[in-house]
Each structure stands twice: as C-alpha cells, then as structure tokens.
C-alpha cells in the first residue's frame, strides 16, 4: 500500500507542476467536451494474481477542458476478469478443483488529465468500483494514476488501479486504447 501511496503522490505532484505550463495540448480545448470509448486490457498484480488471470474492459470517458492543457475526466464502464480455479485439499468437502465465478466490476471514476507536452499526459482518477456477482457485490475505493499519449482522435494510456474496501486490497495494470471526438 505504501508503493501505491507514493505513486499516487508523485502523480499528483507531477499534475500540479504541469498545470501551470504553457504546453498546447492537441487533444484538449478549453471549455469543450470530448467523448471517447476505450477498450482495456487488464493485468492483475500482487495478490490479485492468485484469483484472476487477466481481464478486459470497455470504458467510455467524458472529458471537459478546464485549460489548454488540463481536463476533468469522468470514466465508467465495465471490467470482466477471468478467474482461476480454487484447489481444495483432500479431506475437505468438495475437495479438488472448483471454479470461481468470474469477477465483473463497474468502475465510476472522476479525475484530472494534464498534458506535459503536446501529446503526452499524466492523469489521476479516484472513484468507486462496484463488484458484480450473483449474490450482489461489494464496492471498493479506486485510486488510479496514469500516463499516456493522446492525439485528436486516439488516446493510449497506461494506468495502475488500486481497489480497497471490505478488508480486501488488490490492484491491476490497465492499457486503454480509445477513439475520441469532440461534442
């Protein structure tokens, strides 16, 4: 958790440093809305690798330019993780391999995206992830620093997402490739 806190702190410091720069971002226009739809490749990290192999996601994002190099973001969507089987030892009722239900999460995040050059950006989002399963799910706090490249139509970003709540913490690396347009 200390690593996540340090990474998040570094991202916020970088965002604060670059808010005042005079970079002319090609993909942000002040006071304009943009909409993008992304496809995500999701790789569990840390203890989450014990439960899931990988995941895929679909993430629409609304972006509003508050300066020529800074935007507010609102991202939601759907993540689907392909889980690993659980092995129960001999002598336990139902011993052997048992399949887990796949894990689905609906993320709802808000954040900032600040361009450090005309196409390169750093970002940070905070929100909640709603775990979806057959019996109802838990909600988790999401904290997500990111870096990426954006042009007028394409946005490619790499992020780390930390999920915490109900005594559980896990994380993932996400690669988002999105197509966007102005509204």
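The values are calculated or read from the model by the stated rules, or taken from the named source; none is laboratory data. Worth saying up front: this structure is predicted, and the values here are computed from it rather than measured. Cβ: placed from backbone, ideal geometry, glycine included. Neighbour counts: every protein chain shown.
Residues considered: 16, 25. Of these, the only one that is assigned to a loop (DSSP other than H, G, I, E, B) and modelled with pLDDT under 50 is 25. Scanning for something free of Cβ contacts under 8 Å to residues at least 24 places away in the same chain, on the phi > 0 side of the Ramachandran plot and surrounded by fewer than 17 Cβ atoms within 10 Å (Cβ to Cβ), does the stretch 99-122 turn up at least one residue? No, the conditions are met nowhere in the stretch 99-122.
Residues in the stretch 165-183 that are in contact with a strand residue (DSSP E or B) (Cβ under 7 Å, 6 or more places away or on another chain), surrounded by fewer than 16 Cβ atoms within 10 Å (Cβ to Cβ) and at pLDDT below 95 were compared, and the one that is nearest to residue 29 (Cα to Cα) is 182. Residue 174 fulfils the conditions (1) more than 15 Å from residue 105 (Cβ to Cβ); (2) part of a strand (DSSP E or B); (3) in contact (Cβ under 8 Å) with a residue 40 or more places away in the chain except for a single criterion, (1). Please specify each residue of the stretch 48-70 satisfying the condition of being under 30 Å from residue 168 (Cβ atoms) and either in contact with a helix residue (DSSP H, G or I) (Cβ under 8 Å, 6 or more places away or on another chain) or in a strand (DSSP E or B) (or both). Residues satisfying the conditions are 52, 53, 54, 55, 56, 57, 58, 59, 60, 61, 62.
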